[in-house]
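> Okay, handing you the structure first.
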Amino acid sequence: MKMNRRGFLGAGVATAATLSAPMVLGASHGKPKVVVIGGGAGGATVARYIAKDSDGMIDVTLIEPTRTYYTCFFSNLYIGGFRDFASIGHSYGTLAAEYGINVVHDWAVGVDRDARTVALASGSKVPYDKLIISPGIDFVDGAVPGWDVSAQNAMPHAYKAGSQTQLLKAQIEAMPQGGTFAMVAPPNPYRCPPGPYERVSMVAHVLKDINPTAKILIVDPKPKFSKQGLFEEGWQKHYSGMIERIGPDFGGNNVSVRPGSMEIDIDGEVEKVDVCNVIPAQKAGRIAELAGVTDESGWAPVRPQDMRSRMDENIYVLGDASAQGDMPKSGFSANSQAKVCAMGVRNVLTGSKTFPARYSNTCWSLIDTDDGIKVGASYEATDEKIAKTSGFVSKTGEDAALRKQTYEESVGWYAGITADMFG
Amino acid sequence: MMLGMALPAFSQEDPVEGAKVFKRCFSCHMVGPDAFNRTGPVLNDLFGRRAGTVEGFKYSDDMLREGAGGLEWHPDTLDAFIENPKVLVSRTKMRFSGIKDPVDRSNLIAFLRQYSDSPANIPEADPTIVPRDPDVDPEILAITGDPDYGAYLSGECTTCHQVDGGDEGIPSITGWEPVDFVTALHAYKNKHRKHPVMQMMAARLSDEEIAALAAYFQNIEQ
Ligand SMILES: Cc1cc2nc3c(=O)[nH]c(=O)nc-3n(C[C@H](O)[C@H](O)[C@H](O)COP(=O)(O)OP(=O)(O)OC[C@H]3O[C@@H](n4cnc5c(N)ncnc54)[C@H](O)[C@@H]3O)c2cc1C
């Protein structure tokens, strides 16, 4: 998290006319209060669904530092030149104006679970009856020796979308002819299992066009990765000879970097590279840790029925930050969890009807123009975890018409999910 | 052959009888050497062909999408389509209510086979497809759905299908007649329609839940 002082001073308070100054009033005063930390796939959806379905009976505050949320989903397509940057940015205007949500553009810096208040960087405190935390991910310190967030300009992660994504794209486009793009891929679990490999596909797509002699090197600590057979088939077909992957059997799990000299050390072999995309190991966004709802794994354990924290009955954790069982950390999952959680929270606060939880996920990836693939599953809540019930995945050897349709579906999904998040 | 055992429909097929049934198609479709596209596309060389691929014919978006998604014409898919075109292609341009008699359908399919290359080599049915009679049971169609329950369940759908009726890449499902909606979802559930996402979504919906969704989405204005 980039919590510099200037950021705080710059962060003003929301757009909405309905916004009440976030002063401490003492919780449970008047309407029940729900506070949501993080306005991403989980947070924006849950805020919208609670506001939409409670007919004004619940007061919803959404705390999110950025005014424009850039989706990580489709950020790889921006790198590949299939989307422009503005098309992956979304504002909170509709949530504030049409759904009456108090949107507060600030960082949450602490949670007092006894007093039930959230402390903001600006110094004020926001009371809650129920708190929903959906802060996404942060990186594990020291996960890639030689790299920390202060090196993110030399070696971007681009795993939180925005200026990092723009920087990585610019670096790729500025690579010398015949240069090397390296990616240090993360260990499990991490956000968007196919994300790094879709990114490699998009980088290859760009380089094939403007820098055909360039090389792509993936340094990977994992023996296997999501949709591997499909990606490898696609790479062979579209980018033959361009992409090399070094798995753990060849030292891919023993890597360090030197951002100053743009070098990576792979199991003792030092390579000089031109662009280095470091995607470190991940954990729940720091505010979840500060709220004390994470465990030694770094993620926040939740009940499968409604995403309620196993550590505090007034807190719910959604999306990437949660440890829930079998669902991958994806925007689709976070959105799906948010709707189940919204129903549960409304039930606790207003006694509205509940139905059994249903979760699902589908992740599309683009390999090259009109060559889309997908993987998906549905899930149910068991006592122990969110458990997978059935699933599907694209097959190798599918024809071009089906792959094109799969890509077009993903474009439809993007329009659907962003409308579902932001109204 | 044991007496009294019902014979499978295909073994009775009779192309001469089928020619008579084809009269119901003839107002829109042609077959034979001089055939050309009319209201409907030419039905020569139908077997093994992808849906929606006759050159020069302007198909509905739904037919094109099903074709791209893998729908091919074989005895089993044709049988389903002729019984009720909307089972496989919800908003098809083919305005035809269907042929309910299975013997008429198999005769018609036998007739159409004569206009495909080497009809003798065409298998009578795909061995993998067991269920016939894809039309939805009237009792299921008669269930009145609870729109409130549908509203909750719809959360699972609106990640992909936009409530404002947008249909970029994924079809719009708002404002449909419940019968079409229910028929489509059962076609995924029964695996007549092959789309893997929708098969998965429909697989865990009960008859009541499908009715509830139909009731909810019917009244969403575009
Ligand atoms: C390259 C890439 C490609 C991807 N592609 C896909 C895809 O195709 N499909 C898919 O489903 N998923 C995809 N994902 C994954 C998806 O982006 C995430 O899983 C999803 O965004 C998780 O939602 P979330 O609500 O947990 O976190 P986020 O969406 O990251 O939202 C967290 C929000 O919390 C805010 N926040 C953090 N800390 C604080 C704080 N202290 N106070 C206030 N606010 C805070 C952040 O500013 C952020 O806006 C991709 C991810 C990447 C990196």
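> Just want to confirm a number: the relative contact order over chain B, from Cα pairs under 8 angstrom separated by 6+ residues, in percent.
That works out to 22 percent.
> If you don't mind, another one. What does the charge dipole of the range A:98-255 about its Cα centre add up to, to the nearest 20 debye, if the Cβ of each Lys and Arg holds +1 and the Cβ of each Asp and Glu holds -1?
220 debye
> Compute the relative contact order of chain A as a whole-number percentage, counting only Cα pairs closer than 8 Å that sit 6 or more residues apart in sequence.
Relative contact order comes out at 18 percent.
> Per-residue mean of other chain beta-carbon atoms within 10 angstrom of the beta-carbon, peptide A:412-422?
6
> Could you state how much accessible area is buried at the B-A interface, both sides summed, with a 1.4 Å probe, in Å² to the nearest 100?
The buried area between B and A, both sides summed, comes to about 2500 Å².
> Which residue, chosen from A:Ala174, A:Gly325, A:Pro196, occupies the Cα position most advanced towards the positive end of the dipole of chain A, where the dipole is computed from +1 (Lys, Arg) and -1 (Asp, Glu) charges on Cβ about the Cα centre?
Sorting the options by dipole projection puts first A:Gly325.
> In debye to the nearest 20, how big a dipole does the protein assembly as shown give about its Cα centre with +1 on each Lys and Arg Cβ and -1 on each Asp and Glu Cβ?
1200 debye
> Continuing with the same structure: Need the list of lysines near B:Lys20 for cross-linking: C-alpha distance under 17 angstrom, and skip anything on the same chain fewer than eight residues off.
Leaving aside lysines fewer than 8 places away in the same chain, those within reach of B:Lys20 are B:Lys100.
> To test your reading of the geometry: what angle, between 0 and 90 degrees and rounded to tens, separates the Cα axis of helix B:102-113 from the longest principal axis of chain B?
Value to nearest ten degrees: 60.
> Right, next: Give me the Å³ per residue figure for the convex hull around the C-alpha atoms of the protein assembly as shown.
It comes to 184 Å³ per residue, whole-number rounded.
> Okay, moving on. In the Gaussian network model of chain A, springs joining C-alpha atoms below 10 Å, which of A:Gly30, A:Gly146, A:Gly179 carries the largest mean-square fluctuation?
Maximum fluctuation in the GNM of chain A, among the listed residues, is at A:Gly30.
> Do you know the relative contact order of the range A:175-278, to the nearest whole percent, from alpha carbon pairs under 8 angstrom that are 6+ apart?
Relative contact order comes out at 34 percent.
> Using +1 at the Cβ of each Lys and Arg and -1 at the Cβ of each Asp and Glu in the protein assembly as shown, identify which of A:Asn254, A:Ile315, A:Gly123 lies farthest towards the dipole's positive end.
A:Gly123
> From the C-alpha gyration tensor of the range B:15-113, pull out the three semi-axes of the equivalent ellipsoid (sqrt of 5λ each), sorted largest to smallest, in whole Å.
Its equivalent ellipsoid spans semi-axes of 19, 16, 12 Å.
> Would you calculate a helix-derived [θ] at 222 nm for the protein assembly as shown, using -39,500 (n - 2.57) for each DSSP H run of n ≥ 4 and dividing by the full residue count, to the nearest 500?
So the calculated ellipticity at 222 nm is -9000 deg cm²/dmol.
> Provide the convex hull volume over Cα atoms per residue for the range A:175-278, in Å³.
Expressed per residue, the convex hull around the Cα atoms of the range A:175-278 is 94 Å³.
> Related question: According to the Cα gyration tensor, what semi-axes, each the square root of 5 times an eigenvalue, does the equivalent ellipsoid of the range B:26-66 have, listed from largest to smallest in whole Å?
Value: 17, 12, 8 Å, ordered largest first.
> Still on this structure: Averaged per residue, what accessible surface does the range B:127-222 expose to a 1.4 Å probe, in Å²?
Here the residues of the range B:127-222 average 46 Å² of exposed surface.
> Here's another thing I want to ask about it. Please state, rounded to one decimal and in Å, the Kirkwood hydrodynamic radius that the range B:138-219 gives when every pair of distinct Cα atoms enters the mean of 1/r.
After inverting the pairwise mean of 1/r, the radius is 12.5 Å.
> Calculate, axis by axis, the spread of Cα positions in the range A:103-165 along the three principal axes, and write the results as whole Å, longest axis first.
Taking the Cα atoms of the range A:103-165, the three principal extents are 41, 23, 20 Å.
> Taking the 0 to 90 degree range and rounding to the nearest ten, how far is the long axis of helix A:400-422 tilted relative to the main principal axis of chain A, both from C-alpha atoms?
In chain A, helix A:400-422 runs at an angle near 30 degrees to the longest axis.
> How big is Rg to Rh over chain B, alpha-carbon atoms, Rh as the Kirkwood inverse-mean-distance radius?
In chain B, Rg relative to Rh is 1.00.
> Given the peptides A:347-358, B:86-97, A:200-211, arrange them by the average over their residues of other C-beta atoms within 10 Å, most packed first.
Descending packing order for the listed peptides: A:200-211, B:86-97, A:347-358.
> Please list the equivalent ellipsoid semi-axes of the range A:308-423, computed as the square roots of five times the alpha-carbon gyration tensor eigenvalues, in descending order and whole angstrom.
31, 16, 11
> Can you list the residues of the range A:332-373 that have at least 30 square angstrom less accessible area with all protein chains present than in their chain by itself, probe 1.4 Å?
A:Phe332, A:Lys339, A:Lys353, A:Phe355, A:Arg358, A:Ser360
> Have a look at the range B:184-222 and report residues whose accessible surface goes down by 40 Å² or more when the remaining protein chains are included, against the chain on its own, probe 1.4 Å, ligands and DNA/RNA excluded.
Residues passing the criterion (a loss of at least 40 Å², heavy atoms only) are B:His195, B:Pro196, B:Val197, B:Met200, B:Arg204.
> Please report, in cubic angstrom per residue, the volume enclosed by the convex hull of the alpha-carbon atoms of the range A:41-155.
145 Å³
> Tell me the per residue accessible area of the range A:175-278 using a 1.4 Å probe; a whole number in Å² is fine.
Per residue, the range A:175-278 has an accessible area of 40 Å².
> So what's the angle, to the nearest 10 degrees on a 0 to 90 scale, between helix A:41-53 and the longest Cα principal axis of chain A?
Tilt of helix A:41-53: around 30 degrees.
The values are calculated or read from the model by the stated rules, or taken from the named source; none is laboratory data. Fair warning: this is a prediction, and the values are worked out from it, not measured in the lab. FYI the Cβ positions are ideal-geometry reconstructions off the backbone, even for glycines, and counts take in every protein chain you see. In case anyone asks, the SASA skips ligands and DNA or RNA and just uses the protein heavy atoms, side chains included. Shrake-Rupley method; radii C 1.70, N 1.55, O 1.52, S 1.80 Å.
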